[in-house]
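Novice: Can you read through this structure? Questions will come right after.
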Amino acid sequence: MNVDEHRSLADELAGWAPPPGRPRPETDQVAQAQPAVEVVPAVEPESAAVAEPSAAVAEPVGPLDDAELTAALESILLVVDEPVADDKLAEVLDEPLERVVFALVELSARYTAAGSGIDLRRAAGGWRLYTRPEYADYVQRFVLDGQQSRLTQAALEALAVVAYKQPVTRSRISAIRGVNCDGVTRTLVTRGLIEECGSEPDSGAYLYRTTPLFLEKLGLDSVDQLPQLAPFLPDNVEEIADA
């Protein structure tokens with residue numbers, strides 16, 4: 001092939017264009033050289049599809065040490081409005097009853113030894129925090145603020161009769177005191193110091209007894225701890241009562 005033929009062939013190649021829709025040969029080679037990239041849709045992890053659970057109340061884990069047990073007991077006793085039984089505290093704290101009782105006794109002794117104004121006592125079958133009797137005047141001044149909430153002498157006498165003679169009827173209370181006690185009995189019921197506890201089989205009259213609040217106010221665990229009245233009563237007290 002002469003020079004003119006080479007030039008003519010070069011001119012034809014230079015002016016050649018691929019048919020529509022077909023890339024140039026070098027483009028095909030580049031496309032074949034690059035591997036196809038497969039587009040994979042993103043898949044969210046299962047944990048993302050599940051809503052996070054709401055925060056639950058934390059539960060105690062494992063047994064409490066001595067300091068934690070004491071702190072837990074103090075926290076509970078600060079919010080109770082009536083004495084709470086030691087077995088109930090043991091159940092709530094999931095601790096042996098003997099350990100809880102020992103911790104309560106030790107905590108009470110610690111308050112006393114430190115001269116604290118707080119006193120931990122057992123009363124009405126349970127444990128509760130109280131103020132020290134020597135600071136009663138200050139506490140009374142703060143709580144009452146000039147108000148008078150003491151029981152009258154008549155109410156105190158009727159309450160004493162119920163405490164020592166329970167269960168007892170209103171007529172029996174009136175007979176012992178020598179005056180009608182319907183009003184003071186209603187007052188004591190309203191104050192929550194006494195309550196009805198059935199009726200007398202013969203007469204059907206209501207019977208009254210003291211309440212746990214009565215024991216709590218006196219700081220007693222049971223009515224068996226009431227002071228004995230025998231030294232202060234006449235020898236014929238039963239004859240006077242029956243009369």
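Novice: How many Å² of accessible area per residue for the stretch 82-222, probe 1.4 Å? Intermediate results must be reported in sequence, preceding the final value.
Specialist: Values: 8440 Å² over 141 residues.
Accessible surface, normalised per residue, equals 60 Å².
Novice: For a label point 7 angstrom out from the Cα of Leu213 toward its Cβ, which stretches of the stretch 120-135 have the backbone nitrogen within less than 19 Å?
Specialist: Within reach of a label on Leu213, which here means backbone N under 19 Å from a point 7 Å along Cα→Cβ, the stretch 120-135 contributes 123-131.
Novice: Then there's this: Compute the FRET efficiency between Arg177 and Ser75 as 1/(1 + (r/R0)^6), taking r as their Cβ-Cβ distance and R0 = 51 Å, and round to the nearest 0.05.
Specialist: Values: r = 45 Å, r/R0 = 0.89.
The formula returns an efficiency of 0.65 here.
Novice: Efficiency by 1/(1 + (r/R0)^6): what FRET value for Phe102 and Ala136, r their Cβ-Cβ distance, R0 = 30 Å, to the nearest 0.05? Please report the intermediate quantities before stating the final value.
Specialist: Numbers: r = 29 Å, r/R0 = 0.98.
So the FRET efficiency works out to roughly 0.55.
Novice: To the nearest 10 square angstrom, how much accessible area does Ser75 have with a 1.4 angstrom probe?
Specialist: 70 Å²
Novice: Within the stretch 105-130, find all residues whose amide N lies under 20 Å from a label point positioned 7 Å from the Cα of Ala85 along Cα-to-beta-carbon.
Specialist: Residues 105, 121-129 fall inside that zone.
Novice: Which is farthest toward the positive dipole end of the stretch 104-174 among Ala136, Val161, Ala114, measuring Cα position about the Cα centre, with Cβ charges +1 (Lys, Arg) and -1 (Asp, Glu)?
Specialist: Val161
Novice: Hey, could you pull the Cα Rg and Dmax for the stretch 87-166, both in Å?
Specialist: 17.3, 47
The values are calculated or read from the model by the stated rules, or taken from the named source; none is laboratory data. Keep in mind it's a predicted model, so treat the numbers as computed, not measured. As a convention, Cβ positions derive from the backbone with ideal geometry for all residues, glycine included, and neighbour counts pool all protein chains shown. Heads up: the accessible areas ignore ligands, DNA and RNA and are worked out on the full protein's heavy atoms, side chains in. Shrake-Rupley method; radii C 1.70, N 1.55, O 1.52, S 1.80 Å.
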